[in-house]
1. Has region 353-363 got any residue that is more than 24 Å from K464 (Cα to Cα), in contact with a His (Cβ under 7 Å, 6 or more places away or on another chain) and outside any loop (DSSP other than H, G, I, E, B)?
2. Starting from region 293-309, take each residue that is closer than 13 Å to N359 by Cβ and list its partners that are of a type in the set (V, I, T), counting only C-beta distances under 8 angstrom and pairs at least six apart or across chains.
3. Tell me, which residue of region 98-111 that is under 19 Å from Y155 (Cα atoms) and either over 30 Å from the mean Cα position of the chain (by Cα) or among the β-branched types (V, I, T) (or both) is surrounded by the most Cβ atoms within 10 Å (Cβ to Cβ)?
4. Restricting attention to region 170-197, which residues are of a type in the set (A, V, I, L, M) and surrounded by fewer than 19 Cβ atoms within 10 Å (Cβ to Cβ)?
5. Please state which one of I541, I546 is among the β-branched types (V, I, T), more than 30 Å from E239 (Cα to Cα) and touching a residue at least 24 places away in the same chain (Cβ under 8 Å).
6. Could you list, in sequence order, all residues of region 233-270 that are among the charged types (D, E, K, R), farther than 18 Å from G377 by Cα and not in a loop (DSSP other than H, G, I, E, B)?
7. Is at least one residue of region 591-603 assigned to a loop (DSSP other than H, G, I, E, B), at pLDDT 95 or above and within 25 Å of K268 (Cα to Cα)?
8. Kindly provide the set of residues from region 171-209 that are in a loop (DSSP other than H, G, I, E, B), over 23 Å from F112 (Cβ atoms) and not small (G, A, S), ordered by number.
Amino acid sequence: MIQITLPDGSQRAFPGPVTVAEVAASIGAGLAKAALAGKVNGTVVDTSFSIAADSTLAILTAKDDEGLEVIRHSTAHLLAYAVKELFPDAQVTIGPVIENGFFYDFSYKRPFTPDDLSAIEKKMTALANLDEPVVRRVLPRDEAVAYFKSLGEHYKAEIIDSIPSNEDVSLYREGKFEDLCRGPHVPSTGKLKHFKLMKLAGAYWRGDHKNEMLQRVYGTAWASKEALQQYLTMLEEAEKRDHRKLGRELDLFHIDDHAPGLVFWHPKGWTLWQGVEQYMRQVYRENGYQEVKGPQIIDKGLWEKTGHWDKYRENMFITESEKREYALKPMNCPGHILIFKQGIKSYRDLPLRYGEFGNCHRNEPSGGLHGIMRVRGFTQDDGHIFCTEDQILQECVNYTALLQKVYTDFGFKNIIYKVATRPEKRIGSDESWDKAEHALMESLRASGCEFVISPGDGAFYGPKIEYTLKDAIGRQWQCGTMQVDFFMTERLDAEYVGEDGARHRPVMLHRAIVGSLERFIGILIEESAGALPAWLAPVQIAVLNITDAQADYARSVAEMLINKGLRVNLDLRNEKITYKIREHSMQKLPYLVVVGDKEMAAGAVAVRARGGQDLGAMSLDAFVQKVLGDVASKSSV
């Protein structure tokens with residue numbers, strides 16, 4: 001008998017080998033119909049997979065994340081099937097799952113067009129409606145190479161030819177189309193109902209610019225019509241909020257071909273930057289951080305000691321002077337250790353918290369650059385805490401509470417917490433790892449935070465917490481981190497004198513709250529759709545006169561507001577007031593102040609809040625107190 005243990009702990013016995021589909025059918029017809037795949041002893045498999053020994057089994061449906069991934073993988077194959085039906089001369093290459101969807105690369109004699117994309121999607125729907133079974137078979141490698149060559153699929157043959165000759169390969173067939181794939185896949189094409197092709201792009205074969213440029217078709221697939229529509233609506237909203245578009249419209253920054261991956265900040269954009277930086281600088285001061293500053297260029301010898309030269313060199317900008325090699329720093333950690341090592345440190349000095357707005361450079365591929373979200377030069381609100389092992393827990397508790405306050409001040413209340421634990425290849429004792437992981441998890445529990453475990457996703461030198469923001473339209477942005485490191489202080493020989501008079505290695509906690517300031521500002525712009533809260537808005541108030549008769553009064557109003565520390569734009573142009581109101585409203589300013597003869601006579605102002613809200617006339621003092629209150633409270637206005 002074969003015992004199958006289900007997720008709820010119940011067991012089912014079968015007289016001999018049994019497929020995932022058969023187990024599902026034994027539980028109920030509804031589950032059998034919904035089953036997309038199975039998870040046998042932790043491995044996702046086809047529903048046709050035969051279980052020949054006692055095993056654990058979870059039946060995966062569209063409700064499961066892994067089931068959704070199977071849908072997307074299978075929809076990529078459906079896309080290739082449709083392309084081959086419509087364009088028989090096209091050659092298929094690869095089609096992996098990506099976040100929220102999939103893509104497939106094709107070689108074809110002419111570029112695909114938007115009309116082609118529409119026709120392909122229509123054909124995919126027709127093929128899915130045929131509900132053809134998806135069948136797996138296995139061939140020896142050389143036989144598979146010959147098979148795909150006979151079909152004229154030379155890219156597939158090349159992929160298989162790179163597999164060791166003693167290995168077999170799996171193929172999946174649906175109708176007339178058969179593709180190389182490890183799987184798993186849905187049992188039939190009828191399971192694929194809610195998809196959409198999104199866009200076309202170019203991609204070099206195997207990512208090498210020396211190879212042929214292929215055509216990449218992107219698509220998305222979901223478990224339900226509602227989920228698909230929700231995603232498409234989110235994309236429409238995201239396009240409106242695109243920080244690159246808003247950066248141009250609001251005159252905040254630009255990216256120039258003369259400095260790819262680097263940002264040119266305009267006056268208003270730099271004002272926004274300073275608002276974020278000065279806020280974080282105050283956070284440092286109020287929470288026991290000492291601000292430091294390290295050099296931009298450091299000799300390669302330091303990066304060799306830390307291991308970055310071997311593992312990260314291709315992402316570093318290298319320079320030379322007087323026959324010595326240097327690198328622009330890609331991170332700030334080693335520099336902070338060198339600062340720590342200056343002078344003898346005692347256990348009484350710990351925890352020692354350093355913070356730096358450190359400029360870093362990383363040689364990101366040009367294809368990965370994205371506005372100010374993904375750049376080659378960026379500034380981190382980087383902090384490192386040197387402490388004893390006994391201090392890890394409390395430092396992590398304090399940090400999580402601090403991070404929550406900062407995110408709340410910036411308007412983010414929905415935070416996702418993940419603890420990435422020890423990888424298989426790691427350094428240090430299990431005892432140290434136990435202590436570090438326990439401290440991270442306990443710090444989240446002490447803060448009342450629910451969290452998920454990401455097994456094996458920690459760095460080789462220590463585990464970490466990842467703090468992810470969820471924005472107004474449901475997107476997730478991983479920003480903050482807290483990482484426990486027993487490794488780098490040893491490599492760079494950092495020590496402190498313990499209470500016993502002996503020398504000990506400090507633990508190094510790597511932490512960042514907003515991470516890259518460039519990326520975080522991009523997130524803020526998209527979260528607010530450019531309508532930044534009053535405390536961050538580059539221009540908080542525009543003062544507008546109706547006619548030249550109120551020019552002097554408008555100047556005096558603007559001067560008073562500026563003297564109160566507010567950021568003001570005085571507009572005395574000889575234009576209609578409706579024109580000026582409309583123009584400044586498009587700049588998404590928190591407040592517009594209009595002064596005419598009536599306001600001038602009363603020593604008052606007429607106030608419009610963002611969104612066209614008419615707040616009416618109020619005294620200048622009352623208006624000043626309102627705005628200062630909004631700024632102090634970090635109101636979303």
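1. No: zero hits.
2. G294/I339; I297/T319
3. Of everything passing the filter in region 98-111, S107 is surrounded by the most Cβ atoms within 10 Å (Cβ to Cβ).
4. Of everything in region 170-197, nothing turns out to be of a type in the set (A, V, I, L, M) and surrounded by fewer than 19 Cβ atoms within 10 Å (Cβ to Cβ).
5. I546
6. Correct list: E236, E237, E239, K240, R241, K245, R248, E249, K268.
7. So far as region 591-603 goes, no, none of its residues is assigned to a loop (DSSP other than H, G, I, E, B), at pLDDT 95 or above and within 25 Å of K268 (Cα to Cα).
8. R182, P184, H185, V186, P187, K193
The values are calculated or read from the model by the stated rules, or taken from the named source; none is laboratory data. Fair warning: this is a prediction, and the values are worked out from it, not measured in the lab. All Cβ positions, glycine included, derive from the backbone under ideal geometry; neighbour counts span all protein chains shown.
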